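Everything on this sheet refers to the single structure shown next.
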Amino acid sequence: MDKINKTNSLSPFNADLTLSEALAERERSMQHRNILNELLNEASIKQERYGRQEVKFYTTIEVTALQKEVDELSKQYRELDFRIQEKNWRTDLLE
């Protein structure tokens, strides 16, 4: 595990990031996407009403805009993950 961490921290991913930083960015991106997706799921719950006396719920967020943001974050995650996997295949483990 030490060799992997050393390799990741010393291997450049691109001009601005090391491989370790890219992995951290990928994790941050997925956590952000998961939070927004959870919010989207809660906002999209259908309320069953059987009579006029029951409370009606209104969504206070833009569901379509939030869905677009979740979709964009998912795309960014997949692209970053692909580039990380490619870099992993091309990087030799440091001793």
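The values are calculated or read from the model by the stated rules, or taken from the named source; none is laboratory data. Predicted, not measured: the structure shown is a model, and the values here were computed from it. Note that we place each Cβ from the backbone using ideal geometry, even for glycine, and neighbour counts take in every protein chain shown. For the accessible areas, the whole protein counts, side chains as well, though only heavy atoms, and no ligand, DNA or RNA atoms are used. Shrake-Rupley method; radii C 1.70, N 1.55, O 1.52, S 1.80 Å.
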Of all residues making up the stretch 71-93, the number that are surrounded by 14 or more Cβ atoms within 10 Å (Cβ to Cβ) and in contact with a helix residue (DSSP H, G or I) (Cβ under 7 Å, 6 or more places away or on another chain): 9
Single residue of 23, 36 found to be open to solvent by less than 60 Å² (accessible area, probe 1.4 Å), under 14 Å from the mean Cα position of the chain (by Cα) and free of Cβ contacts under 8 Å to residues at least 60 places away in the same chain: 36
Residue list for the stretch 39-70, restricted to those being surrounded by fewer than 12 Cβ atoms within 10 Å (Cβ to Cβ), part of a helix (DSSP H, G or I) and among the acidic types (Asp, Glu): 42
Where a residue in the stretch 60-88 is more than 24 Å from residue 7 (Cβ to Cβ) and its partner, wherever it lies, is among the aromatic types (Phe, Trp, Tyr), with Cβ under 9 Å and at least six apart: none
Odd one out for residue 1, checked against (1) open to solvent by 50 Å² or more (accessible area, probe 1.4 Å); (2) modelled with pLDDT of 95 or more: (2)
